[in-house]
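Shown next, in structure tokens, is the structure this report addresses.
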């Protein structure tokens, strides 16, 4: 029903999810030359690191995202969603269309401080739609994460979280620019 409304142009439909990348990405293939063993040169581990991405994918249109070292918490989710809500307000004013964000039931999506923002976001034209519990396969952004990990980032190793973040950023840009999508990155305020 939501997808049909988006196809008719009644709403803007975005799929939201978080994913993560580690300093060492798994190899996604098993090919090697005859007589050679598959191997990767290992980097020196100078730090432990994980880069998380919180993305909003709009089919055939665009990808908005923010990066964070470690994982996301409710305050950073709110900061990104305030940005999305401000953009939804412009869309609502210009086109009369609401923006609907489909997401899972993750704790950061439904914490008390987040729920306190829902009415304000709705007034700006941003509506939250939650998938049934344990049904992440119903969120098409999962396929986008697979593409980024299996085709853009596979088999790479990084010494620092900064290098990893720059590679994630470059991979996102490569994937979506080649599909002529609008790409926008949200940059979090530093504490």
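The values are calculated or read from the model by the stated rules, or taken from the named source; none is laboratory data. What you see is a predicted model; the values in this text were computed from it and never measured. We place every Cβ from the backbone using ideal geometry, glycine too, and count neighbours over all the protein chains shown.
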Among the numbered conditions (1) surrounded by fewer than 14 Cβ atoms within 10 Å (Cβ to Cβ); (2) touching a residue at least 40 places away in the same chain (Cβ under 8 Å), tell me where residue 138 comes up short.
-> (2)
Which helices (runs of 4 or more DSSP H) does the stretch 107-191 wholly contain that include 3 or more residues that are over 16 Å from the mean Cα position of the chain (by Cα)?
-> 112-115, 118-123, 161-178
Scan the stretch 113-122 and give yes if some residue there is surrounded by 12 or more Cβ atoms within 10 Å (Cβ to Cβ), closer than 23 Å to residue 62 by Cα and modelled with pLDDT of 95 or more, otherwise no.
-> yes
Filtering the stretch 72-96 down to residues that are closer than 11 Å to residue 127 by Cα and in contact with a helix residue (DSSP H, G or I) (Cβ under 6 Å, 6 or more places away or on another chain) yields 85
(1) touching a strand residue (DSSP E or B) at 6+ places or on another chain (Cβ under 8 Å); (2) touching a residue at least 12 places away in the same chain (Cβ under 8 Å): which one isn't true of residue 133, the others all being true?
-> (1)
